[in-house]
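The values are calculated or read from the model by the stated rules, or taken from the named source; none is laboratory data. If you're wondering where the values come from, they're calculated on a predicted model, not measured in any experiment. Cβ placement follows ideal geometry from the backbone for every residue including glycine, while neighbour counts extend to all protein chains displayed. We work out accessible area using only protein heavy atoms, side chains counted, and drop any ligands, DNA or RNA first. Shrake-Rupley method; radii C 1.70, N 1.55, O 1.52, S 1.80 Å.
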Amino acid sequence: RRYDLRGAKVELIERSWPELNWDALVLGLLAESAAALEELTVSGKDDELVWQDPQAWPNTLRSSWFIPAADLVQADRLRRRGMQVARKAMADVDAWVSPSSGGPMLVVTNFVGTPSLTLPVGFAKHRVRGLFGEEAEKGEAYRVPRSLTFWGGLDDDGTLIALGERAESTWGVARERPPLFT
């Protein structure tokens, strides 16, 4: 494969990320978002946002005002526990690597302060798809970017930068671009 890390002289060790109820950390995101965008909701200007389906942000912000304080405190405790778990998971490795959308890592990165670096690794051919992922009835295949994400230890951005530089110099895809659509 084009994004083979062995070419970058990286030793790979297969591991699983520690089990923890990572999804419960999303309560913190919801509460923080509602607080940050309080004026939008309180003023009623959230009614002016175009997307108003049940899963849309305006409704998420509105319902986030009803998160019980005890649940938010428990989410904060889980966040602290997550930081401890992340530190232990990173203790004997320089970085974790996975597909950019793989597993709980995006939530972990955002909530426990684990730095991350996402790099393009190449392109795949796909048929034209609509805005919400539905396959178009017609259209030719086109190139879409693919990426890998590296996660480093808490407060260890330097290792990720060095790893990213080594990987990109091996892969050489950073300057490639998919064709623009008109």
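With the requirement that a residue be assigned to a loop (DSSP other than H, G, I, E, B) and modelled with pLDDT under 90, what does region 26-54 give you? It would help to see each step written out before you state the result.
So in region 26-54, the residues assigned to a loop (DSSP other than H, G, I, E, B) come out as 37, 43-44, 49-54.
Hits for region 26-54 are 49, 50, 51, 52, 53, 54.
Whenever a residue of region 151-180 is under 30 Å from residue 80 (Cβ atoms), its partners that are assigned to a loop (DSSP other than H, G, I, E, B) and hydrophobic (A, V, I, L, M, F, W, C), lying with C-beta atoms within less than 6 angstrom and at least six residues away or across chains, give the pairs 153/90. When region 148-182 is filtered for residues that are modelled with pLDDT under 85, loosely packed, with under 15 Cβ neighbours inside 10 Å and closer than 18 Å to residue 100 by Cα, only 174 remains.
Scanning region 27-51 for residues that are under 24 Å from the mean Cα position of the chain (by Cα) and open to solvent by 50 Å² or more (accessible area, probe 1.4 Å) yields a count of 7. Filter region 64-107 down to the residues that are among the small types (Gly, Ala, Ser), loosely packed, with under 14 Cβ neighbours inside 10 Å and within 13 Å of residue 29 (Cα to Cα) and list them by number. The answer is none; no residue qualifies.
Of the set (1) surrounded by 12 or more Cβ atoms within 10 Å (Cβ to Cβ); (2) part of a helix (DSSP H, G or I); (3) in contact (Cβ under 8 Å) with a residue 40 or more places away in the chain, all apply to residue 23 but (1).
What about residue 72, is it in contact with a Ser or Thr (Cβ under 6 Å, 6 or more places away or on another chain), assigned to a helix (DSSP H, G or I), over 26 Å from residue 8 (Cα atoms) and not aromatic (Phe, Trp, Tyr)?
Numbers: in contact with a Ser or Thr (Cβ under 6 Å, 6 or more places away or on another chain): no; assigned to a helix (DSSP H, G or I): yes; over 26 Å from residue 8 (Cα atoms): yes; not aromatic (Phe, Trp, Tyr): yes.
Judged against the criteria, residue 72 is not a match.
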